[in-house]
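Input: a single structure, listed below in structure tokens.
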Amino acid sequence: YSDELASNITVALYATFTLCCFLSPSFTRALGPIRALAIGIGGYAVLVIASLVYFILNGDDAAGEESSTGVLSYMLVLAGAINGVGSSLLWNSQGLLILQYSERGVNGGTIFGIFWAFFNVSAICGGAVSFFLFNGQAGDNERSNEHSVVLLFLLFLGFILSGALFTNFLLPPSELSSAQSGISQTSNAGIPNSDVSSQIMDKHESALSWAAIRVEVLNTMSAFRSKRLLFLSFLFFYTGYKQPYQLVTFGDRFFDDSTLGLEVMSFYCLDMIGGIFTGNLLDGKYSTATSSNLSSQHRKVAIQCLLILVLLTSFGNYLALLQERPCISDDDEVDCVTSLNYTDVRVLRPSISYGLWGFTDSIVQTYCYWLMGLYFENAGEQSRAIGFYTCVQSLGWMLGFLTIPASRVAPVTQLYLTVASLVLGIIFCLPQIPRVESSSSDERSELLRSTEMA
């Protein structure tokens with residue numbers, strides 16, 4: 001696609017994803033998480049099929065700026081919006097499955113780590129496919145490039161449809177033994193797992209209804225009155241806002257097609273390693289600790305995690321600034337940017353930035369989930385906290401992609417904004433670092449009380 005069209009598609013995707021975060025929980029409950037997961041995957045197939053039609057009909061003009069307008073471009077934007085609806089259903093249902101498959105306080109971190117590893121493997125495979133398809137092609141061989149793009153989308157479509165098919169082999173959570181999935185009806189803080197709003201929703205699990213949707217929307221909206229979540233929202237926002245610049249603006253400009261495939265593989269490989277590292281740091285030695293009895297170790301590992309996040313991300317951003325520096329005083333993007341090949345020694349500096357961003361992505365993601373697990377122990381509270389997190393994160397993605405074209409916001413300004421979002425996220429999350437004395441059930445039940453008031 002052209003830069004503008006790609007941005008429009010992604011903005012449409014994350015706009016509908018953000019809005020549907022308020023609706024997807026009720027549909028997930030009515031359809032069941034496994035069926036909802038399969039339907040959500042179908043949203044991705046819609047965008048891939050629309051992209052195939054677009055590239056086949058547009059041919060060599062697919063990446064031209066004039067391709068940003070017209071019926072086919074509007075079709076792609078609509079397909080992106082449909083993908084966003086499916087994405088909200090997919091992420092809500094898979095999040096629910098992860099919670100139901102895990103035994104809280106025993107293996108939740110392990111199960112999330114397995115999910116995160118497989119999630120990143122898909123991106124690594126995508127990068128590998130891109131590398132082998134585009135490697136060695138001449139830059140002016142448009143026909144060969146067009147065939148590679150079509151083949152790439154066909155492969156992606158095959159993976160997507162296979163993923164939807166294999167959901168049929170997932171074990172329904174209801175069939176798990178009570179020893180694996182049993183969760184006590186009362187949390188350590190004395191908060192029932194089934195609060196008033198959850199009981200209302202249970203009455204509507206078997207059928208879609210406006211009453212069920214209304215209850216779930218009110219439950220999600222209650223999270224926006226949580227002081228704790230509002231403080232953490234800046235860090236949640238950063239988890240989404242940073243990646244459009246890092247993965248797209250920076251990667252597309254400083255790496256050629258084949259090298260970008262390798263860099264994407266490197267990004268997500270380090271993302272996997274970072275997730276394992278952070279999980280061990282935060283939860284590996286203290287998996288039996290409960291959020292109702294926070295220890296000094298929780299505070300210690302939280303501070304260590306944030307320090308590692310800030311130091312590594314800052315170094316990656318500094319190297320990226322050095323790479324962007326020639327463009328600060330040069331208005332001609334073509335003259336100040338060189339797309340580097342992996343055989344060029346100059347690729348080392350942007351590659352280090354890319355790798356550090358991948359490693360720290362898993363650090364901040366894992367840290368956010370770890371904090372939510374500590375502070376929101378009740379099932380209803382966790383559901384609303386994760387819904388809030390997904391909504392704010394998606395808003396960050398949407399605004400990040402909205403600024404991607406250099407014609408809208410200069411790349412170096414995008415970098416500055418990314419740094420600013422990290423600084424705000426760290427500043428506002430500092431008061432939420434676990435405190436040794438913090439054992440108050442009032443804070444943890446804040447979402448529950450606000451829901452009952454609603």
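The values are calculated or read from the model by the stated rules, or taken from the named source; none is laboratory data. Remember, it's a predicted structure, so these values are computed and weren't measured experimentally. Ideal geometry is used to build each Cβ from the backbone, glycine not excepted, and the neighbour counts take in all protein chains shown. Each accessible area value is taken on the protein alone, full model and side chains, heavy atoms only, with ligands, DNA and RNA left out. Shrake-Rupley method; radii C 1.70, N 1.55, O 1.52, S 1.80 Å.
No other residue among LEU319, LEU262, LEU294 is open to solvent by less than 40 Å² (accessible area, probe 1.4 Å) and either under 17 Å from the mean Cα position of the chain (by Cα) or modelled with pLDDT under 90 (or both) apart from LEU294.
Being at pLDDT 55 or above and either open to solvent by less than 80 Å² (accessible area, probe 1.4 Å) or assigned to a strand (DSSP E or B) (or both) narrows it down to one residue among PHE119, PHE159; which is it? Before you say what the answer is, go through the steps one by one.
Working: PHE159 fails: either open to solvent by less than 80 Å² (accessible area, probe 1.4 Å) or assigned to a strand (DSSP E or B) (or both).
The match here is PHE119.
Counting the residues of the range 34-46 that are touching a residue at least 60 places away in the same chain (Cβ under 8 Å) and under 19 Å from the mean Cα position of the chain (by Cα) gives 6.
Considering (1) at pLDDT 75 or above; (2) in contact with a His (Cβ under 9 Å, 6 or more places away or on another chain), the lone condition that GLY240 does not fulfil carries the number (2).
Within the range 7-32, being under 15 Å from LEU218 (Cα atoms) and open to solvent by 30 Å² or more (accessible area, probe 1.4 Å) holds for LEU19, PHE22, LEU23, PHE27.
If you scan the range 20-59, which residues turn out to be of a type in the set (Gly, Ala, Ser) and assigned to a helix (DSSP H, G or I)?
SER24, SER26, ALA30, ALA36, ALA38, GLY40, GLY42, GLY43, ALA45, ALA50, SER51, GLY59, listed by residue number.
This table checks each residue for (1) at pLDDT below 80; (2) touching a Gly at 6+ places or on another chain (Cβ under 7 Å); (3) assigned to a loop (DSSP other than H, G, I, E, B); (4) open to solvent by 10 Å² or more (accessible area, probe 1.4 Å).
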| site | (1), (2), (3), (4) |
| --- | --- |
| TRP370 | no, no, no, yes |
| GLN382 | yes, no, no, yes |
| SER394 | no, yes, no, no |
| LEU399 | no, no, no, yes |
| THR418 | no, no, no, no |
| PHE428 | no, no, no, yes |
| PRO431 | no, no, no, yes |
| ARG435 | yes, no, yes, yes |
| LEU448 | yes, yes, no, yes |
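Taking the conditions exactly as written (part of a helix (DSSP H, G or I), at pLDDT 80 or above, within 20 Å of PHE156 (Cα to Cα) and among the polar types (S, T, N, Q)), does SER88 satisfy them or not? When the stated conditions are applied, SER88 passes them. Within the range 402-411, being assigned to a helix (DSSP H, G or I) and open to solvent by less than 20 Å² (accessible area, probe 1.4 Å) holds for one residue alone: PRO411.
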